Amino acid sequence: MNMKNLIKLLTISLSLLVFMSCEEEFERTTFDGDGTFLSFVESNPSSVPVNVGESVTAVISISTSTLSDAARTFALVLDTDATTANASNFTLPASVTIPAGSYFGEFDLVVTDDDNLGSVSKNVVFSLGGVDNVSMDSNLVSISIFEVCPVPETFFTGMYLIEEITPLVDGPALSSGSVVEVLLNEEDSSGLGRVFQTEYFPDYCSGTFAPFVVNLVCNELLSITQDNLCNCGDGAGWFGPLASGSNSTYSLTDGDDVIEVTFLNDINANCAPVATTTYRFTKQ
């Protein structure tokens, strides 16, 4: 065999290998049920705030690891036992469809504020039905919904003297008597979160600073459930809000020169009985 024919043969063989490889890839990514992975997209919202008297639409996406030449539809099944939101507060469609030739499908969760919603989070919990022939790492989604009231981004921001004004439990909970800078919480896209750096129980852990988060929720100041980095036991979920209506309040009309923040201290009673702690913030 001369060199010219050898080159032709090698070229044909290489073309066949490429074609076979592409064919195998096509077969691998074509939906056939088995070997398909389905999931809710990680970037889906975990919470949906809604302004007083308004509605908001949250787009929820699912993804699949394989393509199909036909549309795939999955039922959306509401978990009525785990869902705490009133039926008037949300609209969940009956199904979601991944179009033919696509890896993604999406649907709208519509959240509506009414008298039953309120500022305390309620959950909408649902799953996908008709997924017997696919694999999923988790087939349950819980989205918290709650009412919010717009607040200017400049409200309750700046330099504040903080002072604990309730009886001390093992010393002050935060850096009482110090000046802190209250900032917008950049991790909260609603613009209603505030955060400042403070020492937790400075009598025991002086010099160790951590963020403390407060949310402005329809005239209430709510400490989110957050960990304590200085504790005598398990510091998880140490601080948190009181029941709705029992937290400190704010008023846009009265301004933000003096703000009080009340929160539960040692929620799980790891080191002492659960305490209610109030801090006064005086603008500097």
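Derivation of every value follows stated rules applied to the coordinates shown; laboratory data play no part. Please read these numbers as outputs of a predicted model, since none were measured by experiment. Because the Cβ atoms are built from the backbone with ideal geometry, glycine has one as well, and the counts that use them run over all protein chains shown.
Overview of results
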quantity	calculated
0 to 90° range, to nearest 10: angle between helix 3-29 axis and the chain longest Cα axis	50
Cβ-defined net charge surrounding V258, 13 Å radius [Lys, Arg +1; Asp, Glu -1]	-3
Charge context of G171, other residues only, Cβ under 12 angstrom, K/R +1, D/E -1	-4
Charged-residue dipole, Cβ positions (Lys, Arg, Asp, Glu), the stretch 42-159 about Cα centre, Debye nearest 20	160
The stretch 135-284, dipole about Cα centre (Lys/Arg Cβ +1, Asp/Glu Cβ -1), debye to the nearest 20	140
Helical mean residue ellipticity (222 nm; -39500 (n - 2.57) per DSSP H run of 4+; nearest 500) of the chain	-3500 deg cm²/dmol
Approximate spin-label separation S55-A94, in nm, with each point projected 7 Å along Cα-to-Cβ	1.9
Leading residue at positive end of dipole, the stretch 38-148 (Cβ point charges), from V110, A70, T91	A70
The chain: equivalent-ellipsoid semi-axes (sqrt of 5 x gyration tensor eigenvalues, Cα, Å)	52, 25, 18
Point-charge dipole on Cβ atoms (K/R +1, D/E -1) for the chain, about Cα centre, debye to 20	760
Whole-Å semi-axes of the stretch 38-148's equivalent ellipsoid (Cα gyration tensor)	28, 13, 11
Per-residue ³J(HN,Hα) for the stretch 240-255, Karplus 6.51 cos²θ - 1.76 cosθ + 1.60, θ = phi - 60°, Hz, x for Gly and Pro	x, x, 7, 5, 4, x, 10, 7, 5, 10, 9, 9, 5, 5, 6, x
Net charge contributed by nearby residues that have their C-beta within less than 13 Å of N270 (K/R +1, D/E -1)	-4
Net lengthening on full extension, D137/N86 (0.36 nm per residue, minus Cα-Cα)	15.5 nm
